[in-house]
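Colleague: Have a look at the structure that comes next, please.
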Amino acid sequence: MSIQFTILIIYFIFIIFLGVLAVRKVKASDDLLVAGRNLGLMYVSVSIAAEYMGGLGTIGTAEVAFSQGMGVIWYHIASSFGLILFGLAFAHYYRKYNVITVPEFLYYLYDIKTWKAASVLNVVGYWFFTIIQMTALGALVTSVTGLDLKLSVLICGIAMTIYLLAAGMWSVAFTSVAFMLTIGTGIPIAFWWVMKKEIPLLAASAGLSGYSGLAAALNGMGLDATALFSPFSLGGMAVFGYFIGGILGIPAAQATINYSFGAKNWKIARLAPVLAAILILPLSIWTGSMGLFARAAGLTNNPKLALGATLMSIHPIVGGIGIAGVFAALISTVAGILFGCASIMAKDIWQRWLHPDTDDQYVSRWTRIWILIIGISSSFGAMTLPKILNQAFFVYSIRGALMICVAFGIWWKRSHPDAAYWALVVALIGGVMYQFNLPVNFEAFFKLHISVWCTILSLITFVFISLRNKWTTQTSSELPPFIKYRKGGRK
Amino acid sequence: MDNNLLDEFNIDNNKQDRMIIFDGTDKPFLLFYLIIFILGIILTLIAI
């Protein structure tokens, strides 16, 4: 058994223990779903940061740096911007409404049909996303342990489901502290080791350490180190795309923001994402540099393996700590998405929609049942459905539309429930057309990412219907009883 | 957003003046946060 494998096993057992330990905190369904709205500033910020740092932010940024250079640092700058935007402009609204889920917020802003549509789309999207992220997690475990991919996925999936079953959001909050500690120390320590100890060992580095050694090594490989080190190595469009992703992808993303719903008060809900943004900011400097090291050292030809190859090639203990950091980033994201999916399924669809007259005990029971169903089914899905990776389009199509619904609902007085509903539907139809090239290849034709395309479609739909449809008595009769007084439009 | 609407059903609003961001339980976590933050900066600076 390798040292890296042993470190990972010990770490994994510790995490499950920590997650299960949180069970004493759970007495009612609110404890499971929003940690009894009792999370302090640090729990919320650390949970948001750990959830947001996932496979894309670690393995993905190293992959981009490997092939295109350090311009990838904009990924986390843009993500931090999105988190700060959510914190300062959105978080306190969610928290003041005492919501548990994002679709529930749309219920308050619009009407029942928008809430139902958003609930279903969120659950389907996150379910796909859980499977996709579990596949990435399994691939990392496989690369370190040599275990079969299916077995790795199953072990991780079941372990995660067990600790989420114990205490829901409390489990996520408890484990996030350990995850964040692992990410925040493991990855920079591995980075430091690579820059200080490994780079001088490369033949072409002339014994230099740090970026000067890395530059010499890259030049020695016949590459242009100056271009690869440039913060603009990816070009303006890619940076713009990162910012669009950060802005669209965070303020209405249940899995990332639901910890703010569990904050003790709205001030904590608002400040915590800003602190989380500071934590995630430097991540791509570390992972990107290690990705470039993989290239300079000729460790692999496959950019996707750049980070793993670097961590497996360095001192086994430092590499093991680094891998534990990446593992923590991935598992905290999968657990967050799985929990976000189960929350919406249990609270919005199962209880409020299908079984409205049920008691708290029933909600607690069914929250756990849905965590179990989604956790186990996603594990088996990740084992058997590798092609599901393409289904990420589903999430990309709806996230911009959800953001539009939330932002306009808060700030535009004319926002109409029909506009919100159709913005979601049109985004989904647009996403399906884009994904399956119906009737043209949209990517080649418009040169737009799927999320930008769907957002533009839903924005046009939203504005058009809102301007065309007036608020009437009929409109307000579709609203939940306690905000019925808004007849004739918003104040 | 109309704040009147929020007042309608928001139990937090009545307590806003008394809301605190840090309490005693946050102290160890503040330390934790600072350690991660400072460690990251130091390691990055000495590595480059």
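Colleague: Can you give the FRET efficiency to the nearest 0.05 for A:LEU208 and A:LYS113, using r as the Cβ-Cβ distance and R₀ = 60 Å?
Modeller: Efficiency, rounded to the nearest 0.05: 0.40.
Colleague: Test of understanding: what is the full-extension gain from A:PHE445 to A:THR384, defined as 0.36 nm times their sequence separation minus their Cα-Cα distance?
Modeller: 18.6 nm
Colleague: Do any of A:LYS116/A:LYS413; A:LYS27/A:LYS150; A:LYS113/A:LYS470 go past 27 Å between their Cα atoms, and which?
Modeller: Result: A:LYS27/A:LYS150 exceed 27 Å.
Colleague: Ranked highest first by average number of other Cβ atoms within 10 Å, how do A:120-128, B:32-40 line up?
Modeller: A:120-128, B:32-40
Colleague: Where nothing but the Cβ of Lys and Arg (+1) and of Asp and Glu (-1) is charged, how large is the charge dipole of the range A:310-451 around its Cα centre, in debye to the nearest 20?
Modeller: That gives the range A:310-451 a dipole magnitude of about 200 debye.
Colleague: Go ahead and run the numbers for FRET between A:ASN469 and A:ASN219, Cβ-Cβ distance against an R0 of 56 Å, rounding to 0.05.
Modeller: Calculated transfer efficiency: 0.35.
Colleague: Apply the a/c threshold of 1.5 to the C-alpha gyration tensor of the range A:1-62 and tell me whether it is rounded, prolate or oblate.
Modeller: oblate
Colleague: Continuing with the same structure: Would you work out which of A:PHE90, A:LEU202, A:ASN302 lies farthest towards the positive end of the dipole of the protein assembly as shown, given +1 charges on the beta-carbon of Lys and Arg and -1 on that of Asp and Glu, about the Cα centre?
Modeller: Result: A:PHE90, furthest along the dipole toward the positive end.
Colleague: I'd like the mean, over residues of A:368-380, of how many other protein chain beta carbons sit within 10 Å of each residue's own Cβ.
Modeller: Taking all residues of A:368-380 together, the mean is 0.
Colleague: Calculate the length of the line joining the C-alpha centroid of the range A:117-137 to that of the range A:442-466, in whole Å.
Modeller: When both Cα centres are located, 22 Å separates them.
Colleague: Given the -39500 (n - 2.57) contribution per DSSP H run of 4+ residues, what per-residue ellipticity at 222 nm results for chain A, rounded to the nearest 500 deg cm²/dmol?
Modeller: Mean residue ellipticity at 222 nm (helix-derived): -23000 deg cm²/dmol.
Colleague: When you count, for each residue, the other Cβ atoms within 10 Å and take the mean per peptide, how do A:224-237, A:299-312 rank with the highest first?
Modeller: A:299-312, A:224-237
Colleague: Within the range A:230-255, which residues have the backbone N less than 19 Å from the label spot 7 Å out from A:ILE460 along Cα→beta-carbon, could you tell me?
Modeller: Once the point is set 7 Å along Cα→Cβ of A:ILE460, nothing inside the range A:230-255 turns out to lie under 19 Å by backbone N.
Colleague: OK, next. Can you give the Rg/Rh ratio of chain A, where Rg is from the C-alpha atoms and Rh is the Kirkwood radius?
Modeller: Ratio value, two decimals: 0.99.
Colleague: For each of A:ILE189, A:ILE337, count neighbouring Cβ atoms within 10 Å of the residue's Cβ, then give the residues from fewest to most.
Modeller: Result, fewest neighbours first: A:ILE189, A:ILE337.
Colleague: Still on this model: Is the range A:164-267 best put as rounded, prolate or oblate by its Cα gyration tensor, with a ≥ b ≥ c the root eigenvalues, rounded for a/c under 1.5, and otherwise prolate when a/b is larger than b/c, oblate when not?
Modeller: Oblate, because a/c is 1.5 or more while a/b does not exceed b/c.
Colleague: Between A:LYS27 and A:SER377, how high is the FRET efficiency from 1/(1 + (r/R0)^6) when r is the Cβ-Cβ distance and R₀ = 25 Å? Nearest 0.05.
Modeller: Once rounded, the FRET efficiency stands at 0.35.
Colleague: If you take the charge dipole of chain A about its Cα centre, with +1 on Lys and Arg Cβ and -1 on Asp and Glu Cβ, which of A:ALA173, A:PRO282, A:GLY235 is farthest toward its positive end?
Modeller: Result: A:ALA173, furthest along the dipole toward the positive end.
Colleague: What is the mean number of Cβ atoms from other protein chains located within 10 Å of the Cβ atom of each residue in peptide A:38-50, rounded to a whole number?
Modeller: That average works out to 3.
Colleague: May I pose another question? For the charge dipole of the protein assembly as shown, defined by +1 on Lys and Arg C-beta atoms and -1 on Asp and Glu C-beta atoms about the Cα centroid, which residue among A:PHE261, A:PHE129, B:ALA47 has the Cα displaced farthest towards the positive pole?
Modeller: A:PHE261
Colleague: Take the alpha carbon atoms of the range A:10-25, find their center, do the same for the range A:268-336, and report the distance between the two centers in whole angstrom.
Modeller: 23
Colleague: To the nearest whole number, what is the average tally of beta carbon atoms from other chains within 10 Å of the beta carbons of peptide A:179-189?
Modeller: Counting Cβ atoms of other protein chains within 10 Å of each residue's Cβ and averaging gives 3.
Colleague: Right, something else. With everything on Cα atoms, drop me the angle between helix A:149-167 and the longest principal axis of chain A, reported from 0 to 90° to the nearest 10.
Modeller: 50
Colleague: Still on this structure, I have one more. Relative to the longest principal Cα axis of chain A, at what angle does helix A:169-193 sit, 0 to 90 degrees, rounded to 10?
Modeller: Helix A:169-193 sits roughly 30 degrees off the main axis of chain A.
Colleague: If neighbour count is taken as other Cβ atoms inside 10 Å, put A:ILE199, B:ILE21, A:ILE132 in order from fewest to most.
Modeller: Listed from fewest to most nearby Cβ atoms, that is B:ILE21, A:ILE132, A:ILE199.
Colleague: Work out the length of the dipole vector of chain A about its Cα centre, built from +1 on the beta-carbon of each Lys and Arg and -1 on the beta-carbon of each Asp and Glu, and round it to the nearest 20 debye.
Modeller: The dipole of chain A has a size of about 1360 debye.
Values quoted throughout were computed directly from the atomic coordinates according to the rules given, and no laboratory measurement underlies them. All values reported here derive from a predicted model rather than from experimental measurement. Note that each Cβ is placed from the backbone with ideal geometry, even for glycine, and that neighbours are counted across all protein chains shown.
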